[in-house]
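Working notes, beginning with the structure itself.
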Amino acid sequence: MNTPSDLTIADYLDIARRRKWLILGAVVGCLAASVALYEVLPKTYRSTTTILLEGQKIPENYVKTGVEGKVDSRLYAVQQIVMSRTLLAKLGEQFGLITPQMSSFERESVVQGMRQRTQVTKMRLGHLKGQDSTEGFTLSFDHTDPVIAMKVAEALAAQFIEQDLKLREQVLEGASEFLDQELRIAEAKLEEQEQAISVFRAKYMGELPQQMEANLRTLDRLQTEVIAARENVQAAKNKVELLEQRIKEASLAAAQGVTQPATSSQGQSHGGDPLLARLAELERNLTTLSTEYHDNYPDIVLLRKEIDAVKAQLALKYGVAKEEVQQGSPKLVDPIVLDLMRQRDEALKDLEARQDRLRRLLEQVKEYEGRVERTPMREQELSVLVRDYDNMQKNYQALLDKRLNARLAENLEKRQKGEQFRILDPANLPIAPESPKQYMILLGGLVVGCGLGGGAAFALELFRPAFRRVEQVEGILGVPILAGIPSFATLIGAGKKSLAGPAPAIEEKKGSRLLGYLKRGRDRELTTPQVGANGIPSAISWNLVAKWWPDSMISEQYRVAATRLALMSREHDRPVALVTSSVLGEGKSTTTVNLGYTFAYALDKRTLIIDCDFKRPSVSRYLGKPYAPGLSDYWSGTCSIEACIHQIEEGPLWVLPAGTESHRVFELSKIRELEQLLDQLKPRFDQIFLDTPPVFPLADLNFLSRLADVMVFVIMAGKTGRDVVETAFKTLRPQCKVGIILAGVESTSMPYYHYYHQDEERAVARYAARR
């Protein structure tokens with residue numbers, strides 16, 4: 001069925017106009033029922049009391065309130081408490097609304113009813129005596145007994161004030177207790193952070209940010225000392241090298257003194273030891289005698305004794321063992337050389353001490369450089385600790401201040417010097433009933449009557465849905481739309497300005513023949529073109545809108561459809577387009593002649609229209625040509641194909657009519673002949689249109705659809721049922737591409753076509769230029 005989005009306002013108004021008596025009867029009946037309902041409904045009375053919120057009696061500059069938040073939140077919390085089952089049950093028992101004989105279910109029902117009959121309305125008053133506006137609320141309760149309504153309202157107001165005081169005291173006591181607990185936690189964390197900072201300072205002593213300047217000064221001093229130590233080490237090395245050189249010279253001099261006899265005092269003065277020289281001489285003599293004599297020879301024995309005596313003297317002189325005295329022994333050193341060696345040893349020790357000092361200085365430099373390098377990292381780590389400590393300290397101080405304020409606010413509430421509710425207007429004794437409201441019941445009856453009447457009228461009208469807009473077709477069928485053709489009724493009364501030729505007489509009445517394709521007119525045989533005296537075709541040919549109203553929106557949409565159809569069939573060299581519809585009277589023949597005319601004159605294509613609807617041929621009639629000779633005459637052999645094809649006004653448009661009625665019998669065997677004829681005609685024309693019968697009730701289209709490269713399916717907007725169109729598509733199961741043209745569209749449902757008028761003209765021109 002159609003949804004409300006399928007209809008326009010004009011459609012709704014038209015439906016209401018046609019079904020006005022049904023709607024009016026429903027409205028009158030519902031109004032009468034609402035009057036009777038008002039008379040029989042029970043009356044209820046509502047008692048109302050006004051409660052204001054008084055400000056704090058002590059200025060907030062001295063003591064701040066401990067209850068934060070808006071009045072709305074406080075009021076909501078108090079309302080939940082007062083509206084609880086326990087308090088309402090007590091009030092119900094107090095005023096006789098709940099009796100001991102009631103069951104639990106009945107008591108629960110009474111409590112629920114009291115909750116529903118109680119209303120709390122927030123309000124804001126204006127300035128009172130120059131003070132800020134005071135907030136408050138009204139509390140009301142309704143009941144069939146006005147006295148009970150007043151008493152319950154008074155009791156509820158008292159409960160509101162009492163529960164608000166209790167709630168504020170509980171909030172402040174809870175805040176104080178919470179702040180005490182948080183203070184203990186904050187103090188423990190503060191001490192823990194202080195301990196962490198102390199441990200950090202002790203662990204990284206020397207690398208702290210405040211020691212950076214001292215470390216830099218110490219590093220400068222150590223650099224100076226390193227330079228001096230390096231100079232001292234170099235001096236010590238030079239001294240050792242000098243002593244080594246002197247030792248070498250003295251040792252060389254001593255060696256020379258050994259080989260030469262020290263016969264003079266001058267030779268002894270050069271450092272040669274006479275005992276060593278004597279020992280060397282005796283050993284040479286012993287060697288000489290040993291070569292000539294045996295070991296017991298007296299001279300050899302004497303020489304050995306003398307050698308032993310000299311060795312004894314040398315051993316005593318140099319402080320060595322006698323066995324160690326021999327020629328070339330390192331222990332037998334000259335005293336001068338020995339003194340030099342002692343100086344060298346002392347110089348080496350001094351060099352080692354200076355090198356050790358230099359090494360210690362370098363280690364200290366490296367240590368202080370490391371301290372300086374690690375100082376930024378320690379500074380960052382320490383800043384994190386200090387920052388956390390500062391935050392904790394600020395938090396601790398803030399908690400101290402808040403605890404002090406909380407205790408002051410708690411004392412303020414206990415002495416009832418803070419904000420509190422006060423009854424401004426006590427509950428009244430209602431006189432007039434609060435419900436039911438007569439005007440509301442009458443208005444409801446009117447609305448229900450309109451709804452019932454309108455719903456019934458629309459249900460009757462929308463029982464059989466139809467397509468009305470192009471987006472509905474695309475959304476439901478899923479087939480691309482070639483164009484939405486406006487209703488031909490928009491051309492009724494068109495003037496000479498929009499007519500491409502002399503103005504013929506046009507009927508402007510509702511049943512104008514201009515809309516002839518909307519009616520199932522009787523098929524009539526035409527043997528001659530229907531042309532008037534002034535050269536303009538008769539009224540039946542006004543269906544060719546693309547010719548007679550080329551600047552109209554209808555013609556423009558036919559050009560849009562032709563362009564899209566040409567683009568859809570561009571993969572075929574000389575395409576064959578089949579035009580059909582679901583049932584009779586949807587305008588397929590009108591669509592065929594207008595598409596053919598547009599292809600011929602707007603897209604400059606050699607176009608042929610073949611009328612294959614033998615039951616109700618209309619193409620030749622709309623084009624002002626006779627039915628015969630035509631296709632049936634060609635198949636019967638009475639006429640050649642050239643005689644059957646008629647050119648329209650010497651333009652690139654030709655028509656092949658259905659032919660003589662007596663020969664118009666379409667048999668299944670003709671499909672093959674038609675296929676051969678199409679193969680014969682394709683080289684002569686750029687575009688061929690087949691105007692075929694509708695899908696229902698004939699079966700011809702099931703065979704004809706196989707001959708087409710593309711199919712154009714025409715749907716009459718607002719007329720053909722959706723189920724009929726869907727059944728037609730299921731019956732056809734087309735194998736080629738399909739495009740839909742929605743004919744008879746109301747102009748109000750396609751306003752967007754006006755915005756694309758110039759774009760579509762340019763698209764047609766571009767396509768014609770390419771072809």
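The values are calculated or read from the model by the stated rules, or taken from the named source; none is laboratory data. What you are looking at is a predicted structure, and each value in this text was computed from that prediction instead of being measured. Quick reminder, even Gly has a Cβ in these numbers, built from the backbone with ideal geometry, and neighbours come from all protein chains shown. Accessible surface is based on the protein model in full, side chains and every heavy atom, while ligands, DNA and RNA are left aside. Shrake-Rupley method; radii C 1.70, N 1.55, O 1.52, S 1.80 Å.
Using the Cβ-Cβ distance between THR727 and ILE9 with R0 set to 41 Å, the FRET efficiency from 1/(1 + (r/R0)^6) comes to roughly 0.85.
Largest first, the three principal axis extents of the alpha carbons in the range 332-469 are 148, 73, 18 Å in whole numbers.
For trypsin sites (Lys or Arg not before Pro), the sites in the range 367-448 that DSSP calls loop and that have at most 10 other Cβ atoms within 10 Å are ARG415. For the range 577-660, the carbon plus sulfur part of the accessible surface works out to 47%, probe radius 1.4 Å. Excluding same-chain neighbours fewer than eight residues apart, the aspartates and glutamates reachable from LYS122 by a Cα-Cα span under 13 Å are ASP72, GLU135. Among the listed pairs LYS203/LYS349; LYS615/LYS730; LYS203/LYS237; LYS166/LYS394; LYS189/LYS366; LYS248/LYS311, those whose Cα-Cα separation exceeds 30 Å are LYS203/LYS349; LYS203/LYS237; LYS166/LYS394; LYS189/LYS366. Look at the dipole of the range 154-248 built from charges on Cβ: of ASN232, LEU156, ALA196, the Cα furthest out on the positive end belongs to ASN232. The accessible area of LYS203, taken with all protein chains in place and a 1.4 Å probe, comes to roughly 140 Å². With the whole protein complex present, LEU22 retains an accessible surface near 80 Å², based on a 1.4 Å probe. At q = 0.18, 0.28, 0.29 Å⁻¹ the log10 of I(q)/I(0) for the range 158-212 amounts to -0.73, -0.99, -1.01, computed by Debye summation with a single uniform scatterer per C-alpha, solvent ignored. When nucleic acids and ligands are ignored and a 1.4 Å probe is applied, ARG360 ends up with an accessible area of around 110 Å². What's the whole-number percent of alpha carbon pairs in the range 614-743 lying beyond 22 angstrom? Result: 41 percent of Cα pairs exceed 22 Å.
In terms of accessible area, using a 1.4 Å probe and ignoring ligands and nucleic acids, PHE729, PHE599 rank largest first as PHE729, PHE599. Each residue of the range 599-611 was assigned a 3J(HN,Hα) from its phi angle through the Karplus curve 6.51 cos²θ - 1.76 cosθ + 1.60 (θ = phi - 60°); the sequence is 4, 6, 9, 8, 9, 6, 10, 6, 10, 10, 10, 10, 8 Hz, with glycine and proline shown as x. For the pair SER73 and PHE696, label points projected 7 Å from Cα toward Cβ lie 6.7 nm apart.
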